[in-house]
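The values are calculated or read from the model by the stated rules, or taken from the named source; none is laboratory data. If you're wondering where the values come from, they're calculated on a predicted model, not measured in any experiment. Note that each Cβ is placed from the backbone with ideal geometry, even for glycine, and that neighbours are counted across all protein chains shown.
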Amino acid sequence: MRKNFLIAVVLVLSIAFWSSVNGEIAVASSNFTGETDRVIVNLVDKKGDETVESISLNDLEKFNEGRLSNKSSVLYSAQDVEVLQPDFIRTIALEDPTSGKAASWGTERVGIKNFKISLAATKRNVIVAVIDTGVDYTHPFLAGRIVDGYDFVANDTDPMDVHFHGTHVAGIIAETTPANVKIMPIRVMDEQGNGYDSDVAKGIQFAVDHGATIINMSFAGEGYSQYLADAINYALSKNVLVIVAAGNESASTDNYFPASNQKVIVVSATDIADNVASFSNTGAAIDVSAPGVNIVSSVPGGNYKNLSGTSMAAPYVSGIAAMLKLEGSNRSNLVIERLLKQYVDDRGAAGWDPQYGEGIVNIASIDVDNVSNVKEELKKVPVPSSDVITLPEYKDVPLNKKWTVAFNRLLTGRDTIDVKVYMGSSEIPIQLTSQAGKKEIIVSANEQYRPNTAYRLVILSGNKYKYEMHFVTGSK
């Protein structure tokens with residue numbers, strides 16, 4: 001439900017609370033996405049120095065019981081340990097490989113041919129980091145396209161693909177772009193295509209610090225990770241665009257991360273008939289869609305394979321973003337995002353929708369004979385309303401949290417204020433209360449918030465001001 005309250009002044013969201021995370025985390029099998037056998041902790045050594053590490057729950061249990069005998073464990077000499085969060089496992093966004101081999105159609109569908117040719121003579125390079133299972137850098141199709149990367153699973157400088165997923169993703173980027181778009185292989189996942197948030201976060205920082213301007217992450221998993229979100233924010237703060245797969249659970253992106261992150265480009269998958277793939281996640285976070293069914297690309301050993309998944313859709317968008325960056329090296333993330341959403345074929349409901357986002361990416365209409373035309377086209381793209389005022393974001397919010405919206409004078413009967421809370425695109429029922437003689441409204445959900453879930457609180461003050469605040473709940 002929602003109620004209107006009366007107000008005519010600029011408001012301040014007052015949210016004074018303190019939240020801490022305790023060390024009680026249940027042991028869970030590492031075989032399933034969203035569960036884990038490790039935690040991210042803050043360690044204090046005998047000198048008082050602090051470090052953030054990923055440790056096994058088994059070692060943590062032994063440490064707490066005073067029976068840790070493994071001298072190689074980072075816990076062995078620790079004086080104090082604070083558990084920050086589970087070290088969630090992410091899994092490649094791949095459907096079961098399809099037998100046979102279909103003709104490649106995705107590259108033609110996204111319309112890159114003329115734009116790719118027009119940029120071939122550009123002297124600049126753009127680096128796309130493929131954070132994945134590694135890349136077979138010896139594959140003939142990737143010759144001349146690879147720059148130095150890193151393996152954060154084995155902790156060495158040899159990010160050879162131990163699966164096949166990362167090589168397939170890299171091949172899509174290579175096919176979509178001219179040779180001056182380089183690929184940085186970063187291995188964070190094991191032979192089964194599973195990887196810890198702690199390794200993913202290290203991979204993101206490495207990519208940013210070593211020259212990548214686009215990051216492709218074709219994986220997803222349950223459980224919001226502040227640690228991973230902080231790494232993504234680091235990339236965005238350095239004008240590195242992050243593009244992620246929506247995931248393949250035929251579910252809402254609200255339940256998966258990083259696919260629920262509103263700050264990155266989230267890509268759903270479509271088939272050759274322009275239908276959203278039956279496996280593709282959809283929801284409020286979807287920005288654009290791209291081909292992701294029966295996509296032929298490189299796999300280790302000099303071979304090629306026909307694969308499906310939102311994993312295949314994301315690198316099409318990464319390739320196009322890389323060319324937009326190559327054509328205009330000073331473009332900000334916001335400009336590239338707006339261009340990606342401008343050059344689409346609208347499908348589904350008119351305009352944005354939770355299946356296709358803004359539409360299927362297609363840059364065939366870019367005027368390659370007058371590339372400055374891109375700047376003219378950009379002027380036509382709607383700019384987000386300057387009326388929207390973004391309030392500070394909050395993490396680890398209690399599931400029964402009540403928000404206080406405070407004003408600088410008493411509520412009167414002349415103007416209205418409307419308050420809503422959203423989980424993804426769904427408005428959730430709330431109660432609004434106000435006491436006489438107080439300059440505030442109390443906002444509470446009818447039921448407890450879901451754990452580890454992103455929400456959005458929206459405040460409309462008359463017809464003039466719109467305030468938005470994002471918050472993420474804790475585990476309990």
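What's the total number of residues in the stretch 174-223 that are assigned to a loop (DSSP other than H, G, I, E, B) and under 26 Å from residue 331 (Cα atoms)?
In the first step, residues of the stretch 174-223 are kept if they are assigned to a loop (DSSP other than H, G, I, E, B); the result is 177-180, 188-193, 210-213, 218, 222-223.
Filter again for under 26 Å from residue 331 (Cα atoms), leaving 177-180, 210-213, 218.
The number of residues fulfilling the criteria is 9.
From the list 294, 303, pick out the single residue that is without any contact (Cβ under 8 Å) to a residue 24 or more places away in the chain and under 26 Å from residue 143 (Cβ atoms).
Checking each option against the conditions leaves just 303.
Quick check on the stretch 297-310. Is at least one of its residues modelled with pLDDT of 95 or more, among the polar types (S, T, N, Q), under 25 Å from residue 198 (Cβ atoms) and crowded, with 19+ Cβ neighbours inside 10 Å?
There is at least one residue in the stretch 297-310 that is modelled with pLDDT of 95 or more, among the polar types (S, T, N, Q), under 25 Å from residue 198 (Cβ atoms) and crowded, with 19+ Cβ neighbours inside 10 Å.
So which residues in the stretch 109-144 are modelled with pLDDT under 95, of a type in the set (D, E, K, R) and part of a helix (DSSP H, G or I)?
Matches in the stretch 109-144: 113, 116.
Against the condition more than 15 Å from the chain's Cα centre (by Cα), touching a residue at least 12 places away in the same chain (Cβ under 8 Å), surrounded by fewer than 24 Cβ atoms within 10 Å (Cβ to Cβ) and assigned to a helix (DSSP H, G or I), how does residue 335 come out, does it pass? I'd like the intermediate steps shown before the answer.
Working: more than 15 Å from the chain's Cα centre (by Cα): yes; touching a residue at least 12 places away in the same chain (Cβ under 8 Å): yes; surrounded by fewer than 24 Cβ atoms within 10 Å (Cβ to Cβ): yes; assigned to a helix (DSSP H, G or I): yes.
Criteria met by residue 335.
Quick one: what pairs do we get from the stretch 185-207, first residue at positive phi, second surrounded by fewer than 23 Cβ atoms within 10 Å (Cβ to Cβ), C-beta under 6 Å, 6+ apart or different chains?
Going by the 6 Å Cβ cut-off, the qualifying pairs are 193/91; 193/163.
Return the total of residues in the stretch 319-337 being out of contact with any Ser or Thr (no Cβ under 8 Å at 6 or more places or on another chain) and closer than 25 Å to residue 272 by Cα. Show your work before the answer.
Here is the first cut: in the stretch 319-337, the ones out of contact with any Ser or Thr (no Cβ under 8 Å at 6 or more places or on another chain) are 321, 324, 328-337.
Imposing the further condition that a residue be closer than 25 Å to residue 272 by Cα reduces the set to 321, 324, 337.
Final tally of qualifying residues: 3.
Taking only the stretch 119-144 into account, find how many residues are under 25 Å from residue 363 (Cβ atoms) and surrounded by fewer than 22 Cβ atoms within 10 Å (Cβ to Cβ).
Selection size over the stretch 119-144: 10.
Step by step: first the residues of the stretch 203-223, then only those that are over 15 Å from the mean Cα position of the chain (by Cα) and surrounded by fewer than 24 Cβ atoms within 10 Å (Cβ to Cβ), then the one that is nearest to residue 166 (Cα to Cα). Which residue is that?
206
Under 8 Å by Cβ, and 6 or more places apart or on different chains, what pairs join a residue from the stretch 144-155 that is under 15 Å from residue 132 (Cα atoms) and assigned by TED's automatic domain parsing to the domain that holds residue 130 with one that is of a type in the set (D, E, K, R) and surrounded by fewer than 20 Cβ atoms within 10 Å (Cβ to Cβ)?
As it stands, the answer is 150/156; 151/158; 152/202; 153/190, since those pairs meet every condition given.
The rows are residues; the columns are (1) within 23 Å of the chain's Cα centre (by Cα); (2) among the aromatic types (Phe, Trp, Tyr); (3) on the phi < 0 side of the Ramachandran plot.
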{"residue": "304", "(1), (2), (3)": "no, yes, yes"}
{"residue": "320", "(1), (2), (3)": "yes, no, yes"}
{"residue": "327", "(1), (2), (3)": "no, no, yes"}
{"residue": "341", "(1), (2), (3)": "yes, no, yes"}
{"residue": "351", "(1), (2), (3)": "yes, no, no"}
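State whether one or more residues within the stretch 280-289 are under 16 Å from residue 172 (Cβ atoms) and either within 13 Å of the chain's Cα centre (by Cα) or among the aliphatic types (A, V, I, L, M) (or both).
Scanning the stretch 280-289, I find at least one residue that is under 16 Å from residue 172 (Cβ atoms) and either within 13 Å of the chain's Cα centre (by Cα) or among the aliphatic types (A, V, I, L, M) (or both), so the answer is yes.
Identify, please: which residue in the stretch 369-393 is surrounded by 14 or more Cβ atoms within 10 Å (Cβ to Cβ) and over 29 Å from residue 310 (Cβ atoms) and is, among those, modelled with the highest pLDDT?
Top of the filtered list is 391.
Output yes when any residue across the stretch 38-47 is exposed (fewer than 13 other Cβ atoms within 10 Å of the Cβ), at pLDDT below 85 and outside the structural domain of residue 256 (by TED's automatic domain parsing), and no when none is.
yes
Which pairs turn up if I take residues in the stretch 156-170 that are on the phi < 0 side of the Ramachandran plot and look for partners that are surrounded by fewer than 24 Cβ atoms within 10 Å (Cβ to Cβ) and of a type in the set (Gly, Ala, Ser) with beta carbon separation below 6 Å, at least 6 apart in sequence or on another chain?
Sorted first by the residue in the stretch 156-170, then by its partner, the pairs are 163/193; 165/193.
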